[in-house]
Amino acid sequence: MIATTDTKLGGTKLPESQEIATKLSESQQPATKLPKLNMPLPGPNAKRVVELDTKYVSPSYTRDYPLVAKRGQGAMIEDVDGNVFLDFAAGIAVCATGHCHPEVVAAIQKQAAELIHLSGTDFYYEGMPLLAEKLSSISPGKESKLVYFGNSGAEAIEAAIKLVKYHTKRDKLIAFHGAFHGRTMGALSLTASRAIQRRGFGTLLSGVFHMPYPDTYRGTYGVRPECAAADCLSYLENELFRRRVDPEEVAGIFIEPIQGEGGYILAPAEFLQGLQKICRKYGIMLVADEVQSGMGRTGKWWAVDHAGVEPDIICTAKGIASGMPLSAVIARESVMDWKPGAHASTFGGNPVCIAASLATLHLLKTKYMANAKRVGEFILKRTADWTQKFKNVGEVRGRGLMIGIELVKDQKTKEKAQEMRNRIIQAAYHKGLLILGSGDTTVRFCPPLVIDEEQAEFAVKTLEECFREEEAK
Ligand code: PLP
């Protein structure tokens, strides 16, 4: 890849891909900005694909409804029967720049025609250090960073687990109740989201301790919602460190600054700040899992930026390359001190994924991170009265375009309304809105960061319609 430096952005631009991008953007404009359904769902082609899938594909996947996608553009998905949906799921918060953004597609096409793979494990190519330099520059803290590239969120977590052990020469790890860090055996040992994710897989990593996450809506395990930050910090210092694990043996604390699969729960800034202090006091590595919350989704590069926290290590994936498989572990230079051979991956940091990521970062920086902030604020404002308007809405919370709507049977008791949540997700699909659940009883909005107010308004109105229909039952 021959890159030129665009000084204004402090980054890399791919001038030859601009031409392809312009052509693509002219030929692939979405036909509509809002959903258009032509038939009762699922249509005949969708049914055929689902049947085939059921016959040949692993049954371990959880599909909430039979969306069978054919193509995507911006925030719109067209299915195999010609129905068009508004996508507020973005491939689980992945397609940050929207589906098939012309500049990302052009970067992929150009790179694929030039060099698809040769393994950064063995050789060099320019994209890898260019992207690492950019990731270093957008990560908090004065110290320069080093970056390790993998293929998925779980791989980033695996690498971080190994790195914290290697660097500290300690082997205990701490994570949180409700956490989701991935499904490979190391990452799964930190995950404490659902028992089904662990069931049947035997013994996981030893030396992993879980503690309550500062949930300011529900509180858990004796944590008071109104004192969640202080209670959780106290649990760590006065319970965990006194009774179960010596802090001098802890290599790392892994935290999602906003729990993703756990229910879009935001850790208060004072908790993250307190956690950083405790980590520094005992020489424990603070690892921010920003696989879902990172890459501009919250309106800043990282969710930890909202709290002014500087983790020792950031793990990121999902939105980093607009849908191409790539993840990164970004660590302080003095922390990533492992030696050649200590860790590597054949495909990690593949040139095509890196090209997609460079284009993605440029778009996030110039347009879409600010858009996430703006449209996210619009949604939070539009939904601010939902707890008064709808008896089943317990709380609406979020930052940028990472927004969770927690549903309850009763606002006072906060009894979870999981079945209702599942029905609402189905109902939204039948109205042309693609959404996902999160946690036991939360609906999440994690759309591409390209959506505008009109599309946000459609999603808000659609959910309002779903709530009214539920109330009328
Ligand atoms: N960490 C977080 C916070 C996630 O949300 C996820 C996936 O949802 C992962 C890790 C695992 O990522 P992947 O599915 O790419 O392995």
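Each reported figure results from applying straightforward, stated rules to the coordinates on display, with no laboratory input. Predicted model only: the values in this text are computed from it and were never measured. Every residue, glycine among them, receives a Cβ derived from its backbone with ideal geometry; neighbour counts consider all protein chains shown.
Each eigenvalue of the Cα gyration tensor of segment 373-473, multiplied by 5 and square-rooted, gives one semi-axis; in descending order these are 20, 15, 12 Å.
Given only helices, namely DSSP H runs of n ≥ 4 each adding -39500 (n - 2.57), what is the per-residue ellipticity at 222 nm of the chain, to the nearest 500 deg cm²/dmol?
About -10500 deg cm²/dmol.
Classified by the C-alpha gyration tensor, segment 358-419 has a prolate form. Its axis ratio a/c, with a ≥ b ≥ c, is 1.5 or above, and a/b is larger than b/c. Rounded if a/c is under 1.5, else prolate if a/b is larger than b/c, else oblate: which is segment 291-374, with a ≥ b ≥ c the root eigenvalues of its Cα gyration tensor? It is oblate, given that a/c is not under 1.5 and a/b is not larger than b/c. Counting only DSSP beta bridges with both residues in segment 108-365, the antiparallel share comes to about 45 percent.
Within segment 307-430, the proportion of C-alpha pairs whose separation exceeds 22 Å stands at 59%. Put a dot 7 Å past the Cα of Thr121, heading toward its Cβ, do the same for Gln411, and the two dots end up 5.6 nm apart. Going by the alpha-carbon gyration tensor, a ≥ b ≥ c the square roots of its eigenvalues, is segment 63-135 rounded (a/c under 1.5) or, if a/c is not under 1.5, prolate (a/b greater than b/c) versus oblate? Here segment 63-135 falls in the prolate category. Here the Kirkwood formula, the inverse mean of 1/r across different C-alpha pairs, assigns segment 124-201 a hydrodynamic radius of 14.5 Å.
Debye-formula intensities of segment 108-365, expressed as log10 I(q)/I(0) at q = 0.14 Å⁻¹, are -0.91 (one equal scatterer per alpha-carbon, no solvent). In order along segment 317-324, phi translates into HN-Hα couplings of 7, 4, x, 5, 9, 6, x, 7 Hz, rounded to whole numbers, per the Karplus curve 6.51 cos²θ - 1.76 cosθ + 1.60 with θ = phi - 60° and x for Gly and Pro.
Length gained on full extension, Arg71 to Ala230, computed as 0.36 nm times the residue gap minus the Cα-Cα distance: 52.5 nm. Couplings for segment 265-278, taken from phi via the Karplus curve 6.51 cos²θ - 1.76 cosθ + 1.60 with θ = phi - 60°, read 9, 9, 6, x, 4, 5, 5, 5, 5, x, 5, 4, 4, 5 Hz in order; Gly and Pro are left as x. Derived scalar couplings between HN and Hα for segment 107-122 equal 5, 5, 4, 5, 5, 5, 7, 9, 6, 8, 7, 8, 6, x, 5, 10 Hz in order, rounded to whole Hz, by the Karplus curve 6.51 cos²θ - 1.76 cosθ + 1.60 (θ = phi - 60°), x for Gly and Pro.
How large is the convex hull of the Cα atoms of the chain per residue, expressed in Å³ as a whole number? If you can, show how the numbers build up before the last one.
Working: hull volume 71.3 nm³, N = 473.
It is 151 Å³ per residue.
Using only alpha-carbon positions, what ratio does the radius of gyration of segment 212-295 give when scaled by 2.2 N^0.38 Å?
On the way: Rg = 12.6 Å, N = 84, 2.2 N^0.38 = 11.8 Å.
It is 1.06.
Taking the Cα centre of segment 192-303 as the origin, how large is its charge dipole in debye, to the nearest 20, when only Lys and Arg (+1) and Asp and Glu (-1) carry charge on their Cβ atoms? With only Lys, Arg, Asp and Glu charged at Cβ, the dipole is about 160 debye. Sparse packing (at most 10 other Cβ atoms within 10 Å of the Cβ) combined with a DSSP loop state is found for the following trypsin sites (Lys or Arg not before Pro) in segment 354-429: Lys412. Check the straight Cα-Cα distances from Lys172 and name the aspartates and glutamates below 13 Å, setting aside those fewer than 8 residues away within the same chain. Partners found: Asp246, Glu248, Glu249.
Greater than 25 Å separation of Cα atoms is the criterion. Which listed pairs, Lys318/Lys409; Lys277/Lys373; Lys409/Lys431; Lys381/Lys412, meet it? Before the final figure, lay out each step's value.
Numbers: Lys318/Lys409 32 Å; Lys277/Lys373 28 Å; Lys409/Lys431 23 Å; Lys381/Lys412 23 Å.
Flagged as over cut-off: Lys318/Lys409; Lys277/Lys373.
For Phe176, the residues whose modelled amide H falls within less than 5 Å of its own, excluding neighbours fewer than 5 places apart on the same chain, are Met211. Close amide-amide hydrogen proximity is noted between His99 and Gln73, Gly74, Ala75, Met76, each under 5 Å apart and 5 or more residues distant or on a separate chain (H modeled in the peptide plane; Pro and chain starts excluded). How much of the calculated P(r) for segment 399-438 lies past 16 Å, in percent of all Cα pairs? So the pairs more than 16 Å apart make up 45 percent of the total in segment 399-438.
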